[in-house]
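Asker: First the structure, then my questions, so here it is.
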Amino acid sequence: MAKDHVDSIGLEALEDRIASGFQKLNHPPADWTPPRQGPDGRPATDVLIVGAGMQGLGAAFALRRLGISNIVHVDRSQPGQEGPWLTYARMEKLRSPKHLVGPAQGLPDLTFRAWWEARFGPEGWEALGHIERADWARYLGWFCRVTGADVQPKTRLTALRPQGDLIAATLEGDDGARLVHARQVVLATGREGLAAPRTPAPFAPWFGGRVLHSSDDIDFAALAGRRVVVIGLSASAFDNACLAAEHGAEVTLLGRAVATPTANKMKQTVYPGFAHGFPDLPARDRLGWLTAVARGRIAPPRHTVQRAARAGVRLIEGVETERVEEADGGGLTLHAGDRRFEADLVILGTGFRFDLSAAPELAELRPRVAVWRDVVPDAMHGERLDCPVLGPGFELTARSGADPAGLARIRVFNHAAQPSLGNLAGDIPQASEGSERLARHVARDLFLEDADHHGAALMTYAEPELLGDEWDATAG
């Protein structure tokens, strides 16, 4: 099967079927929110969505399905580069199995499978193992187009400030800064949205130079013949080790654990009961379950480890770097007990630590935002205590005694939502459930805020069903 082959006729037929299905579903329904003006006299938007990766696209589609299309949707990336898939996600194939439906929201023709079969037929689907990362990125680009997303690229959110019953959002793009007033803001900003790269202390002095994070822009082609040490046993650590080795580097993968984890407990969360029930568990149970999963660690996929073996990556487990010093020739020497490792470059596959201060747009609001440390101050839960405490619709909540003004208008639709709502805003398995939950809560809040308007419209509604000539039409 030629991967560069695209059956345009098959895709056209699929898109025709989608358009017909949208008509049958009366999608999109008419907008029902009354217009608002910002303090600058310009129209306010109902929802500002920040981020056009999978979660942002899913949120935008779910909102339009509920008759909310007054949306400003921005992403900081170049067109086609939204999300991590073509930047720092370096796996060959997705970690999720191919049958998971992702952001399709119950519509079969919007699934990856429908898109794939339109190109390669049912036999192509049967032949497919795991989905390749670049194919998933192409699918999301197609999903963006067929669901009608209108994304403004190369636009970064830099500040959020409550202003009466609106949020003033500062956006910066190629044309400079501008202000958008929004009734609701959705931060669909991905794994790093409210987080920062986790940098173990021994590596901090060299971070940004001879030490990089797996999310950094790395020139792997320049690593041929170089000594590269990758830190960690996560899937991303393996991915970066593989790519470096495949470009000709001599790669050593150092893991602190005595053995690479062999199970992924998060797979046991991929069912409807968990998606809909986890947010209503007691707070201590939510944190406790997630902490147990983190302590057990999550295994990298089997196909990723096999890739590392093929690439010649040297795996050393049970090693923790205690000290790093500069070596002759400009490299680094890593000291781990009585062992030493030489590196021209170190790549940290250590993930992200949750940190509200990593989101500059929340700088003004941060002191008022409740975090899990305020609710369950138990150090055993580690960095998850720095996640914001969210309401049932992903909205920020206020610390005890703090002014709540404006916080509930800002919804955290990224990985930092995990302690509050599980994986509804994180990964492929529950992408649809998360988008639909978010949209329902936005619709509810917009309606209640305009209850007087909607009530007046109901009381004055007088479109006649009967015109007075019904009996006349049958006379005679």
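The values are calculated or read from the model by the stated rules, or taken from the named source; none is laboratory data. Treat the numbers as computed from the prediction; the structure is a model and nothing was measured. Here Cβ is always computed from backbone atoms with ideal geometry, including for glycine, and neighbour counts include all displayed protein chains. When the accessible area is computed, the model is the full protein with side chains, heavy atoms only, and any ligands, DNA or RNA have been set aside. Shrake-Rupley method; radii C 1.70, N 1.55, O 1.52, S 1.80 Å.
Asker: Please report, largest first and rounded to whole Å, the three semi-axes of the ellipsoid equivalent to the chain, where each semi-axis is the square root of five times an eigenvalue of the C-alpha gyration tensor.
Answerer: They are 44, 28, 20 Å, listed largest first.
Asker: Once both axes come from the Cα atoms, what is the angle between helix 302-311 and the longest principal axis of the chain, in degrees from 0 to 90, rounded to 10?
Answerer: 40
Asker: In whole angstrom, and with the biggest value first, how far do the Cα coordinates of region 9-69 range along each principal axis?
Answerer: 49, 25, 16
Asker: Which FRET efficiency value, to the nearest 0.05, is calculated for H276 and E320 with the Förster distance at 51 angstrom and r the Cβ-Cβ distance?
Answerer: Result of the calculation: an efficiency of 0.80.
Asker: Whole number in Å², please: accessible area per residue of region 26-84, 1.4 Å probe, ligands, DNA and RNA not counted.
Answerer: Solvent-accessible surface per residue comes out at 40 Å².
Asker: Another one. Evaluate the relative contact order of region 354-476 (contact order divided by residue number), counting alpha-carbon pairs under 8 angstrom at least 6 apart; express in whole percent.
Answerer: 16
Asker: I want the local charge near G129. Using Cβ-Cβ distances under 12 Å, sum +1 for each Lys or Arg and -1 for each Asp or Glu among the other residues.
Answerer: -1
Asker: Ignoring ligands, DNA and RNA, how do H130, H381, H441 rank by accessible area with a 1.4 Å probe, largest first?
Answerer: Ranked list, largest accessible area first: H130, H441, H381.
Asker: In debye to the nearest 20, how big a dipole does region 137-179 give about its Cα centre with +1 on each Lys and Arg Cβ and -1 on each Asp and Glu Cβ?
Answerer: Here region 137-179 has a charge dipole of around 200 debye.
Asker: By DSSP, what percent of the beta bridges with both residues in the chain are antiparallel, rounded to the nearest 5?
Answerer: Beta bridges within the chain, antiparallel portion: roughly 50 percent.
Asker: Which value, in Å², gives the accessible area per residue of region 195-246 when a 1.4 Å probe is used on the protein heavy atoms?
Answerer: Value returned for region 195-246: 38 Å² of accessible area per residue.
Asker: Taking the Cα centre of the chain as the origin and placing charges on Cβ (Lys, Arg +1; Asp, Glu -1), which of G102, V371, L63 is farthest toward the positive end of the dipole?
Answerer: Working it through, the farthest residue towards the positive pole turns out to be V371.
Asker: Consider all pairwise Cα distances in region 327-420 and report the whole-number % of them above 24 Å.
Answerer: Beyond 24 Å sits 39 percent of the P(r) for region 327-420.
Asker: If DNA, RNA and ligands are ignored and the probe is 1.4 Å, what is the ranking of Y139, Y271, Y461 by accessible area, most exposed first?
Answerer: So the residues, ranked largest to smallest area, are Y461, Y271, Y139.
Asker: Pairs of alpha-carbon atoms within less than 8 angstrom and 6+ residues apart define the contacts here; what relative contact order does region 224-378 have, in percent?
Answerer: Relative contact order here is 32 percent.
Asker: Cα extents of region 91-238 along the three principal axes, largest first, in whole Å?
Answerer: Here the spans come out as 52, 51, 26 Å, largest first.
Asker: For helix 431-449, what angle does its Cα long axis make with the longest principal axis of the chain, in degrees from 0 to 90 and rounded to 10?
Answerer: The angle comes out at about 40 degrees.
Asker: Moving to a separate point now. Return the equivalent ellipsoid semi-axes of region 285-374 as a descending list in whole Å, where each equals the square root of 5 times an eigenvalue of the C-alpha gyration tensor.
Answerer: The answer is 34, 22, 14 Å, longest axis first.
Asker: Bin all alpha-carbon pair distances of region 76-172 at 5 Å intervals from 0 and give each bin's fraction as a whole percent.
Answerer: P(r) over region 76-172, rounded to whole percents: 2, 11, 17, 19, 16, 12, 9, 6, 4, 2, 1, 0.
Asker: With no solvent and one point on each alpha carbon, what is the Debye value of log10 I(q)/I(0) for region 148-303 at q = 0.08, 0.14, 0.18, 0.21 Å⁻¹?
Answerer: Evaluating at q = 0.08, 0.14, 0.18, 0.21 Å⁻¹ gives log10 I(q)/I(0) of -0.41, -1.05, -1.17, -1.27.
Asker: I need to check one value: relative contact order of the chain, counting alpha carbon pairs closer than 8 Å and at least 6 residues apart, in percent.
Answerer: 18 percent.
Asker: Can I ask one more? At a probe size of 1.4 Å, how large is the accessible area of F354, to the nearest 10 Å²?
Answerer: Rounded to the nearest 10, that gives 40 Å².
Asker: Can you give me the angle between helix 54-65 and the longest principal axis of the chain, using Cα atoms only, in degrees from 0 to 90, rounded to the nearest 10?
Answerer: Result, in degrees: 10.
Asker: Could you pull out which residues in region 411-454 have an amide N less than 16 Å from a spot 7 Å beyond the Cα of A283, following the Cα-Cβ vector?
Answerer: 417-422
Asker: Sticking with this one: With a 1.4 Å probe and every protein chain kept in, tell me what percent of the accessible surface of the chain is carbon plus sulfur.
Answerer: The nonpolar share, carbon plus sulfur, comes to 52 percent.
Asker: Quote to one decimal, in nm, the extra length available between D165 and E126 on full extension: 0.36 nm per residue of separation minus the C-alpha distance between them.
Answerer: 8.8 nm
Asker: Please work out how much accessible surface R307 shows to a 1.4 Å probe, ignoring ligands, DNA and RNA, in Å² rounded to 10.
Answerer: 10
Asker: As I understand it, the dipole of the chain uses +1 on the Cβ of Lys and Arg and -1 on the Cβ of Asp and Glu, about the Cα centre. Which of W115, A221, N26 lies farthest toward its positive end?
Answerer: The listed residue farthest towards the positive side: A221.
Asker: On to the next question. Taking a virtual spin label 7 Å from the Cα of D216 along the C-beta vector, which residues in region 316-332 bring their backbone nitrogen under 19 Å of it?
Answerer: Once the point is set 7 Å along Cα→Cβ of D216, 321-332 turn out to lie under 19 Å by backbone N, inside region 316-332.
Asker: Run the quick spin-label model on D469 and A292: label points 7 Å from Cα toward the beta carbon, then report their separation in nm to one decimal.
Answerer: According to this spin-label approximation, the distance is 7.2 nm.
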